[in-house]
Each structure stands twice: as structure tokens, then as C-alpha cells.
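Read through the structure below, which is laid out as C-alpha cells, and then see the notes.
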Amino acid sequence: MNPPWPRTAVLHAEPPSQRLLALGGLGVEDLAERFGTPLYLLDRAELVGRMRAYRQVFGPQVDVVYAAKALCVAGVLQLATAEGLAIDVASAGELATAIRAEVPPERIVFHGNNKSVEELVAAAEYGVGRFVADSFVELERLSELGTVLDRDLTVLVRITPGIQADTHRSISTGQDDSKFGFSLSAGLAHEAVARALKLPGVELLGVHCHIGSQVFALEAFERAASLLAGLLGDVRDRHGVVLAELNLGGGPGIAYTDRERELPLERYAETLGAAVQAACDARGLPLPRLAVEPGRSIVGPAGVTLYTVGTVKKIPGVRTYLSVDGGMSDNPRPALYDARYTFAAAGRPPGDPSPETRTVAVAGKHCESGDLLARDVTLPADLAEGDLLAVAATGAYTFALASNYNRLPRPPVVLVGDGQAQVLVRRETLDEILARDVPLS
Ligand SMILES: Cc1ncc(COP(=O)(O)O)c(C=O)c1O
């Protein structure tokens, strides 16, 4: 295995001369020819392997909930469901995808800091298993809805534990100054629990927190788990109610480059389990049923994006720009978060000896100077117009965040494994983009 490349990646030579030859038993040149570029590939063995590892490491007493926001396409949700994962959705669109994937409604957890009434109604009618309430007005809306439907809606209250995770501020969600959840330190968490316990039409099952994404600090997860378990103790003391569920969100960091090391799943699971056990023992509380909500660490390392190099521009004494046929529309993370990736030439290896290497910027084709997939990456110097370029660990928050900027149709998502390729999302067409324009008559 060669992280950050997926487990079936066949690689030739070492970085920076490394080349990706095949994935899922299929040659990348053939894949590019068959499906075109840019192309999102998903390594089925890596994806399913990760789902299984989560289930195995956490065991049957913990619910593993796939956070669909990382990559919400029906085929992935079908695989997750088949592997025994529940699904977290955060909008009517993600819910509709789960419905299309035939996810059992009771296995769906519905998130969002501003769910519309229509979304709440759709979710309630579908019978989703958990609403994660994020505001007082949402609690009221859920109560009204449950009362009208004459059935208690099952709710978790989202808590902001006041923890600053070691990640980019845009994906850090556990600090007090956050649009998500009810702050523990400001007393809102206790108030939300008290209200939820009183409201008709609502059954409060437990509490939830999510401190952020791409987090490596086990202490941050430990502290959140401990605080939330402590909150369950406070709820018992104040209200005489033992809440049965504790959902600790997602967020474990993955390796995008050789400078990062993925958070080991076993240590993550042990840390959460031990923190909850200790806090419950200290309060004389029974252990709640735990849930975790991984997104990135399930799907991220399974993805590879293939591009074709279109132009190579050398500015003497400044920099060489290698431009590819996609960019910030299929992967906005470098522009949004200054995210770093691992790049490699792709396709048939060159003859011996390997060519020289050089440091280049990899640019997208969009009309923004900030449309850079990498500022300084070392690649074979002979990488030229028409050649393939692969990027590792692009499974999470790429297609999910993709746009039509400059009216680029979004690339397809293709699952590869055992020498078979299966299209999970077909390439968008220009006609589909234009079809929504209403020209003035
Ligand atoms: C509520 C919630 N749960 C789970 C996740 C998944 O996080 P990750 O993809 O980092 O595991 C997110 C992502 O931001 C989230 O907001």
C-alpha cells in the first residue's frame, strides 16, 4: 500500500518520478479514454475496506453513520448501507439521494443549522430516525410537526462543546463562536435539553457534537467525548432523565501528502470509548449508545482525480504553470482551504532512465489566479500537453463541492474494482447546463 494512493493503485517508481498506472485493476489511460477527463475515480476496495474497518474497530455497540456530505451519490450510500452504516444527511437533496439509495429511514440522521420547514416535513414523512436539532426555533418546529403527525419525532440536540480543533477555521465547528449547535459554556445546551424534554411531539434521545473536520488531535476528540458524557450526567442530575444516545460526530484527519499521517482508527476508537467510559463511571451513569459520523476518512482516500494537461507555460526565472482541464470547479479545496494534495504523472511509464523532474504549479482552467491545484509540486519534467495527471485522496469534499464555474460540466464519478468500472454519476453535459437558462424573449 502506498498512501495517500488507494490500495489498488499500481504505481511505477518513487516520487517525484512516480506514475499512476492502474486503479481497481484498470489502466488509467483506458479509463481516461473511455470516460474522458477530468474524471473522479473511486477505488471500490479502498472504499468498502474503510467502511468495514470502521465497523470492525468500533464493534456492534457503536453506530457508524456515513456523513454523506463528503460524497453524496446513490451508489456510495448503497455501499454504505450494505456494509451496515447509517447515513447522515444535511439537506432535502441529500435526503432524496438516501431515499433513492433505499436507505432504511430509521438509519438516517438529519443535520443542518437551518433546515427549512419543508425539509423537516419531508424528513418526518419519510420517517428519518434522528433529527439533530440545531436551534430553539427548530425544536419548536419539530414539536409542532410531531404534534400534527401525532407521533413523537426522535431528536438529538447538537451541542457546541467549546473546543477549538486543530484544523482550518472553515471546517472547525466545535468552538463557541459557531453557527452550529447550542453552546455548552453559554448555558444554551442545558436550556435546549430542558426545552426538548418538555416539548410535546418530540422525544429527546440524546446529544450530539462535531468538533470539526480533518482533525488530528486525539485530545480534542477526547475532551469533546468527556464533556458530552458529563452533560448526560448533568441532565440526569437536573431532570432525572438518563439520555441513551451520544453521537460524537466525525472529523478524523486523513493523509493528503507524505507530510500527514492518517489518524489511526484504533486509537481514535479507543480514545472515544475510554473518555466516555471514564466520564460515565465518574458520574455513575450507564454507558450511552455511541455513534460516530465519519465522512472524509471513509471516502477521501478512495478517490483519485485524473486530468489531462492542456498547456505548459514556462515563465523564465519565475515559475512553470502546467494547466489541466479542470480545477477549482471540480476541486475547490485548494482555493478554499489552501489544501495540499499529492500529484503524479499517470499512464504508461517512460523508458529508462526516468526523466528529470522539475517543480511546477498545477493550474486549473478557470478565470481566477487563485485557481491553482498546487503552487509547488515536483513532477517529471517531460510531462507535456496531452499527458495525464493524477491527484490522490480526492474522494471527499470535491465532487460534493463541485460547481459549474465558467460553465464547465461536472465530471463523472466512476467506481473501479476487480477490473470493472461502474459509472455512479455520469458526466454532466453542456445541454444540461444550458437547459436551465431562460433567454429573454
Ligand atoms: C455534523 C457532521 N458530522 C460529520 C461530519 C463529517 O466530518 P468528516 O468528513 O471530517 O468525518 C461533518 C462534516 O463537517 C458534520 O458537519
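The values are calculated or read from the model by the stated rules, or taken from the named source; none is laboratory data. The shown structure was predicted, so the numbers you read here are calculated from the model rather than taken from an experiment. Here the Cβ positions follow ideal geometry from the backbone for every residue, glycine too, while neighbour counts run over all protein chains shown. Accessible surface areas use protein heavy atoms only, side chains included; no ligands, DNA or RNA. Shrake-Rupley method; radii C 1.70, N 1.55, O 1.52, S 1.80 Å.
Observations on the structure shown:
- Which numbered condition Leu243 misses (of (1) without any contact (Cβ under 8 Å) to a residue 40 or more places away in the chain; (2) assigned to a loop (DSSP other than H, G, I, E, B)): (1)
- In this structure, Pro332 does satisfy being farther than 22 Å from Ala217 by Cβ, open to solvent by 10 Å² or more (accessible area, probe 1.4 Å) and within 16 Å of the ligand (Cβ to nearest atom).
- Residue that is within 14 Å of the ligand (Cβ to nearest atom), β-branched (Val, Ile, Thr), closer than 24 Å to Asn113 by Cβ and in contact with a strand residue (DSSP E or B) (Cβ under 6 Å, 6 or more places away or on another chain), where the choices are Val202, Val207: Val207
- Leu156 more than 13 Å from the ligand (Cβ to nearest atom), at pLDDT 95 or above and open to solvent by less than 10 Å² (accessible area, probe 1.4 Å): no
- Every pair of residues 6+ apart whose Cβ atoms lie under 6 Å, when the first sits in the stretch 290-311 and is within 25 Å of Gly253 (Cβ to Cβ) while the second is aromatic (Phe, Trp, Tyr) and more than 8 Å from the ligand (Cβ to nearest atom): Ile298/Tyr66; Thr305/Tyr40
- The numbered conditions (1) in contact with a helix residue (DSSP H, G or I) (Cβ under 7 Å, 6 or more places away or on another chain); (2) open to solvent by 40 Å² or more (accessible area, probe 1.4 Å) are all true for Glu385 except (1).
- Restricting Asp376, Asp431, Asp437, Asp382 to those that are more than 21 Å from Val73 (Cα to Cα), assigned to a loop (DSSP other than H, G, I, E, B) and without any contact (Cβ under 8 Å) to a residue 24 or more places away in the chain reduces the list to Asp437.
- Looking only at the stretch 282-319, and only at residues there that are open to solvent by less than 10 Å² (accessible area, probe 1.4 Å), β-branched (Val, Ile, Thr) and in a strand (DSSP E or B), the one that is nearest to the ligand (Cβ to nearest atom): Val292
- When each of Leu228, Leu199 is tested for being crowded, with 22+ Cβ neighbours inside 10 Å, aliphatic (A, V, I, L, M) and out of contact with any Asp or Glu (no Cβ under 7 Å at 6 or more places or on another chain), the lone residue that passes is Leu228.
- Among the residues of the stretch 390-414, the one identified as more than 16 Å from the ligand (Cβ to nearest atom), closer than 23 Å to Pro294 by Cα and open to solvent by 10 Å² or more (accessible area, probe 1.4 Å) is Ala402.
- Restricting the stretch 249-273 to residues that are more than 30 Å from Thr378 (Cβ to Cβ) and in contact with an Asp or Glu (Cβ under 8 Å, 6 or more places away or on another chain) leaves a set whose member that is farthest from the ligand (Cβ to nearest atom) is Thr271.
- Scope the stretch 55-85; condition within 12 Å of the ligand (Cβ to nearest atom) and in contact with a helix residue (DSSP H, G or I) (Cβ under 7 Å, 6 or more places away or on another chain); matching residues: Val64, Tyr66, Ala68, Lys69, Ala70, Leu71, Cys72
- Selection from the stretch 182-214 of residues that are under 21 Å from Pro288 (Cα atoms) and touching a residue at least 60 places away in the same chain (Cβ under 8 Å): Ala196, Val202, Leu205, Gly206, His208, His210
- Ala244 meets each of the listed conditions (1) more than 16 Å from the ligand (Cβ to nearest atom); (2) open to solvent by less than 20 Å² (accessible area, probe 1.4 Å) apart from (2).
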